[in-house]
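The values are calculated or read from the model by the stated rules, or taken from the named source; none is laboratory data. Remember, it's a predicted structure, so these values are computed and weren't measured experimentally.
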Amino acid sequence: DLNLTWVVTADTTTDMNGGSATAGEEIRTSWGLSSGNVTALGDTSSGDAEAMEVKWTPAGRFSAAFLGTKDEDHRTAYGIVIRNPDSNSGSDKVVLNVPSDQVFANIVVKGASAKVTSGSTSYVPTKVSPVSMAASAVSTPTSYNLIVVGGPCANPLAESLFSKTCDGWDLKEGEALVKLVENGEKVAMLVAGTTATDTQRAGKAVAASEKYAFAGTEVLVKGTTMADITVEAPSVAAPAAAEEATA
């Protein structure tokens with residue numbers, strides 16, 4: 001089984017029980033796995049809700065409240081609302097309303113046979129099977145979430161989606177660009193180096209992103225070998241000085 005846990009810590013020591021800003025409350029959901037894929041919320045798929053599917057542990061306490069079969073909304077001490085666990089658990093989903101000042105990212109946990117829905121606060125997971133495609137086979141790029149590998153000299157999608165041209169490529173050997181952009185209602189990521197080795201190095205960094213300083217929507221990946229990898233923000237060119245007007 002997979003346990004997915006949200007740990008909510010306080011801004012100050014007085015915000016929660018326990019006398020410490022690190023004494024956070026927990027919301028834990030339990031998911032069934034089969035062959036490495038998420039198959040259900042709890043032990044059974046799309047059936048009756050189970051109490052252990054969703055549980056909440058208040059800050060400063062060791063005992064948890066099992067909410068999976070509760071048929072009303074529950075608000076935690078820090079303002080997160082767990083929407084009707086009984087109804088949603090029976091459909092193998094968890095719906096949380098998070099206060100806007102606590103939202104820093106939208107994260108989707110993808111399982112089997114479900115659908116990602118639009119909306120500001122709730123997402124229903126879906127299973128995604130990555131597919132490798134040549135650029136020439138991608139006739140409608142906005143139909144896909146894309147990872148575009150290779151720069152504009154090798155991959156035309158690098159120019160059409162990221163406005164990077166072969167003549168305008170200004171990175172040096174030993175450098176690569178990783179950039180994320182909106183792609184219609186989806187997203188696209190560019191992984192492109194000056195040489196094939198630079199692209200491979202950037203791909204290795206993306207695959208192990210937790211080890212490197214990935215931040216924002218654009219970074220440079222630099223190195224001389226596959227073991228010598230650094231990730232940094234791109235430098236911002238200084239504005240050109242205005243020419244002094246002459247009479």
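Data table
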quantity	calculated
Hits in segment 199-218 - residues which are of a type in the set (Val, Ile, Thr) and at pLDDT 95 or above	THR199
Unique residue being under 24 Å from PRO99 (Cα atoms), modelled with pLDDT under 85, in the same structural domain as LYS93 (by TED's automatic domain parsing) and assigned to a loop (DSSP other than H, G, I, E, B) when the list is ASP48, ASP11, ASP71	ASP11
